[in-house]
Amino acid sequence: MFHALDCVVCIQRQALEAARFVSQDPEIHERVLERTMRIQLEEGLKAASPYLGTLVHRAVREITNNPDPYYEKKKFFNRSALERWDVFQRWIRESADPFETTVRLAIAGNSIDFAMESITEERVNAMIGAATSQPLHGSIEKLRDAFHRAKSILYLTDNAGEIVYDRLLIEALVSDQFKKDVVVVTRGAPIINDALLEDAHEVGLDAVAPVISNGGDGLGVIFDMTSDEFKERFLAADLVVAKGLANFETLWEGDPRFKAKEIAFLFKVKCPFIAKVVGANLNDLAILLQS
């Protein structure tokens, strides 16, 4: 996992924004920020940011007495994306390379991330509208080849709303174009606006492919916080598709006990630190393959 001093400040910002989103009480805000700094000092500033973030957002839920602070926002962005489903399908049909357009839309959907910045429907629609022209860091052709080689694919989702764009790609993977055996994975319990099983059902993912949860509330994939079923499926898959920054941070050269055959990381570069790590520019759409 990665860590940087920038992440320390970012986690404090996330915690304060989450507290203010849920409560108007300044005392609650102060308690959340104090607990956040205490966790960071107790765990050490070099602890991996997804791990620290997981502990901090647990504290946010406890102090605010709200088990799912972003519940309504998740539902809103699921509905908002579904309302444009026919538009996305038309963009794909009319494009010169439908596969590339589908991948670009799936990655652009990673913009719906309440850990990074304030998100509005208008801003998301603008970012999705720019998906076909945004710079792409990585190779569409290498990703296409990885999909063709794999027999079984484990698809790790990230955020609610984003999973509608994932559905576009998953439908392509199970179609006659690739004919792949795909299993979709969500988080097992609420954290920020990450997708849960109920979100997958809400957007119809379960009608496209089997959907399971990873059994935990950790940001990304913290294996000690996941179920045995998830670990078994992770190791058995020919290819793991990992959406979003937290999945990248936890799985890139990650836990040696759980070595996947091949991982395709798909995310939007929303963080200057990650941009430097992968050699990309801020706001690029990124495809990274690890085997």
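The values are calculated or read from the model by the stated rules, or taken from the named source; none is laboratory data. Every value quoted in this text rests on a predicted model; they were computed, and no experiment measured them. Counting neighbours? That spans all protein chains shown, and the Cβs are built from the backbone with ideal geometry, glycine included. Heads up: the accessible areas ignore ligands, DNA and RNA and are worked out on the full protein's heavy atoms, side chains in. Shrake-Rupley method; radii C 1.70, N 1.55, O 1.52, S 1.80 Å.
Of the residues making up the range 258-281, those that are part of a loop (DSSP other than H, G, I, E, B) and of a type in the set (D, E, K, R) are LYS259, LYS261, GLU262, LYS270. Remark: pairs (first residue in the range 210-232, free of Cβ contacts under 8 Å to residues at least 24 places away in the same chain; second residue outside any loop (DSSP other than H, G, I, E, B) and surrounded by 20 or more Cβ atoms within 10 Å (Cβ to Cβ); Cβ separation under 6 Å; 6+ apart in sequence or on different chains) are absent. For the range 33-53, the count of residues that are farther than 23 Å from ILE274 by Cα and touching an Asp or Glu at 6+ places or on another chain (Cβ under 8 Å) is zero. Within the range 239-291, the set of residues being closer than 22 Å to ILE153 by Cβ and small (Gly, Ala, Ser) comprises ALA242, GLY244, ALA246, GLY254, ALA260, ALA264, ALA286, SER291. Would you check if there is a residue in the range 156-174 being in a loop (DSSP other than H, G, I, E, B), at pLDDT 95 or above, out of contact with any helix residue (DSSP H, G or I) (no Cβ under 7 Å at 6 or more places or on another chain) and within 24 Å of LEU289 (Cα to Cα)? No, because not a single residue in the range 156-174 is in a loop (DSSP other than H, G, I, E, B), at pLDDT 95 or above, out of contact with any helix residue (DSSP H, G or I) (no Cβ under 7 Å at 6 or more places or on another chain) and within 24 Å of LEU289 (Cα to Cα).
For the range 218-257, which positions are in a helix (DSSP H, G or I), under 11 Å from the mean Cα position of the chain (by Cα) and closer than 20 Å to LEU196 by Cβ? Answer for the range 218-257, where residues must be in a helix (DSSP H, G or I), under 11 Å from the mean Cα position of the chain (by Cα) and closer than 20 Å to LEU196 by Cβ: LEU245, ALA246, ASN247. Suppose we keep only residues that are modelled with pLDDT under 95, in a helix (DSSP H, G or I) and open to solvent by less than 20 Å² (accessible area, probe 1.4 Å) within the range 85-139. Which one would you say is farthest from GLN14 (Cα to Cα)? Across the range 85-139, the extreme among qualifying residues is ILE128. Can you name the condition, by its number, that ALA264 falls short on among (1) touching a strand residue (DSSP E or B) at 6+ places or on another chain (Cβ under 7 Å); (2) among the small types (Gly, Ala, Ser); (3) under 27 Å from ASP145 (Cα atoms); (4) free of Cβ contacts under 8 Å to residues at least 60 places away in the same chain? Status for ALA264: all satisfied but (4).
Each residue in the range 156-175 was checked for being under 18 Å from PHE234 (Cα atoms) and of a type in the set (Val, Ile, Thr), and 2 pass.
For the range 180-203, taking the residues that are assigned to a loop (DSSP other than H, G, I, E, B) and in contact with a Leu (Cβ under 8 Å, 6 or more places away or on another chain), the one that is farthest from ASN110 (Cα to Cα) is identified as LYS180. Checked against the criterion of being within 25 Å of VAL269 (Cα to Cα), part of a helix (DSSP H, G or I) and open to solvent by 50 Å² or more (accessible area, probe 1.4 Å), the candidates LEU45, LEU82 yield just one match: LEU82. Here THR36 meets the list (1) in a helix (DSSP H, G or I); (2) open to solvent by less than 50 Å² (accessible area, probe 1.4 Å); (3) within 16 Å of PRO190 (Cβ to Cβ) almost entirely, failing just condition (3).
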